[in-house]
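Below is one structure; the comments refer to it alone.
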Amino acid sequence: MSTISIIGSGDMAAAIGGLAAKAGHTVEVIRRDPVKGQALAGRIGGSATTGSFGAAPAGDIVILAAPYAVVLEVVKLYGAGLAGKLIIDITNPVASDLKSFVTPQDSFGAQEIAKAASADAHVVKAFNTHFSHVLAAGSLEGRPLDLFIAGDDEQAKARVSAFVEGLGLRPMDTGPLAMARTLEHACLLSLGLIAHSIKHANFAIGVSLPG
């Protein structure tokens with residue numbers, strides 16, 4: 001098993017950190033507020049530790065679980081500290097109207113993160129299409145959750161797929177990083193379903209295969 005560094009301390013950080021700790025990984029929680037970081041590490045349990053905000057993460061896999069509103073600032077702050085790291089972007093750059101995005105019209109969140117990151121860091125989009133409480137459960141009606149992945153580096157995607165599978169989830173490669181735009185739109189799809197048809201957040205978007 002390996003060390004997984006999570007930057008952020010919200011519900012998604014808790015969900016992914018909990019699954020990772022249960023799978024036997026060492027989880028490093030990094031947060032500006034060390035008290036909140038320690039609280040999350042305690043919530044995750046296992047061998048979860050806390051890291052110093054701004055210092056190079058201990059893990060080769062770094063999960064960006066900070067809100068998109070601040071994530072670019074965080075990535076730029078770390079700079080060379082993310083060199084050579086596999087960065088998993090879980091963010092959704094949704095605007096306050098819950099119907100549009102805050103990213104430039106010709107871009108998308110994962111692309112903006114990739115531009116802000118160290119040139120030799122590998123950005124993979126994942127975990128952004130599930131609600132935190134659904135993800136924390138790991139399955140729905142006895143079926144593992146489908147976890148959609150997008151990235152340009154095939155080796156990095158293979159590592160993320162192996163990590164995801166180890167969490168008890170089903171990795172689904174959707175193609176290059178450009179597909180992250182579509183995955184970010186899946187967030188708007190979920191919000192639209194909540195507002196107009198399902199009326200709650202106890203569901204997951206996945207793939208049903210015949211047979």
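Within the group Ala204, Ala195, which residue is among the small types (Gly, Ala, Ser) and exposed (fewer than 15 other Cβ atoms within 10 Å of the Cβ)?
Of the residues listed, the single one that is among the small types (Gly, Ala, Ser) and exposed (fewer than 15 other Cβ atoms within 10 Å of the Cβ) is Ala195.
Give the residue that is nearest to the chain's Cα centre (by Cα), with candidates limited to residues of the stretch 53-68 that are under 14 Å from Ser9 (Cβ atoms) and among the small types (Gly, Ala, Ser).
The residue in question is Ala65.
Can you give me the number of residues within the stretch 118-138 that are modelled with pLDDT of 95 or more, touching a helix residue (DSSP H, G or I) at 6+ places or on another chain (Cβ under 8 Å) and under 19 Å from Phe163 (Cβ atoms)?
11
Looking at the stretch 93-108, can you tell me whether even one residue there is under 21 Å from Val164 (Cα atoms) and either out of contact with any Asp or Glu (no Cβ under 9 Å at 6 or more places or on another chain) or not hydrophobic (A, V, I, L, M, F, W, C) (or both)?
Pass one, the stretch 93-108, residues under 21 Å from Val164 (Cα atoms): none.
Checked the stretch 93-108: no residue is under 21 Å from Val164 (Cα atoms) and either out of contact with any Asp or Glu (no Cβ under 9 Å at 6 or more places or on another chain) or not hydrophobic (A, V, I, L, M, F, W, C) (or both).
Tell me the residue from Pro171, Pro144 that is touching a Lys or Arg at 6+ places or on another chain (Cβ under 8 Å), more than 19 Å from Ile113 (Cβ to Cβ) and either without any contact (Cβ under 8 Å) to a residue 60 or more places away in the chain or surrounded by fewer than 16 Cβ atoms within 10 Å (Cβ to Cβ) (or both), please.
Residue meeting the stated conditions: Pro144.
Can you name every residue in the stretch 158-211 that is of a type in the set (Ser, Thr, Tyr) and over 18 Å from the mean Cα position of the chain (by Cα)?
So the first thing to find is which residues in the stretch 158-211 are of a type in the set (Ser, Thr, Tyr), and the list is 161, 174, 182, 190, 197, 208.
Listed by number, the residues that qualify are Ser197, Ser208.
Scan (1) farther than 20 Å from Leu147 by Cβ; (2) in contact with a Gly (Cβ under 9 Å, 6 or more places away or on another chain); (3) at pLDDT 95 or above for the single condition Ser9 breaks and write down its number.
Condition not satisfied by Ser9: (3).
So Asp89 fits all but one of (1) in contact with a Pro (Cβ under 7 Å, 6 or more places away or on another chain); (2) buried (at least 21 other Cβ atoms within 10 Å of the Cβ); what number is the exception?
Of everything listed in (1) in contact with a Pro (Cβ under 7 Å, 6 or more places away or on another chain); (2) buried (at least 21 other Cβ atoms within 10 Å of the Cβ), Asp89 misses just condition (1).
Among the listed residues Gly8, Gly37, Gly17, Gly24, identify the single one that is crowded, with 24+ Cβ neighbours inside 10 Å and farther than 19 Å from Ala126 by Cα.
Answer to the check: Gly37.
Does Leu72 satisfy the criteria of being farther than 26 Å from Leu169 by Cβ and surrounded by fewer than 23 Cβ atoms within 10 Å (Cβ to Cβ)?
yes
Of all residues in the stretch 142-186, which are assigned to a helix (DSSP H, G or I), touching a Phe, Trp or Tyr at 6+ places or on another chain (Cβ under 9 Å) and within 19 Å of Ile16 (Cβ to Cβ)?
Val164, Ala180, Leu183, Glu184, Ala186, listed by residue number.
I want to confirm something. Restricting to the stretch 125-140 and keeping residues that are in contact (Cβ under 8 Å) with a residue 40 or more places away in the chain and assigned to a strand (DSSP E or B), which single residue is farthest from Ala83 (Cα to Cα)?
That would be Leu140.
Go through the stretch 76-96 and give me each residue that's touching a helix residue (DSSP H, G or I) at 6+ places or on another chain (Cβ under 6 Å) and not β-branched (Val, Ile, Thr).
Lys76, Leu86, Asp89, Asn92, Pro93, listed by residue number.
The values are calculated or read from the model by the stated rules, or taken from the named source; none is laboratory data. Fair warning: this is a prediction, and the values are worked out from it, not measured in the lab. Backbone-built Cβ (ideal geometry, glycine too); neighbour counts: all protein chains shown.
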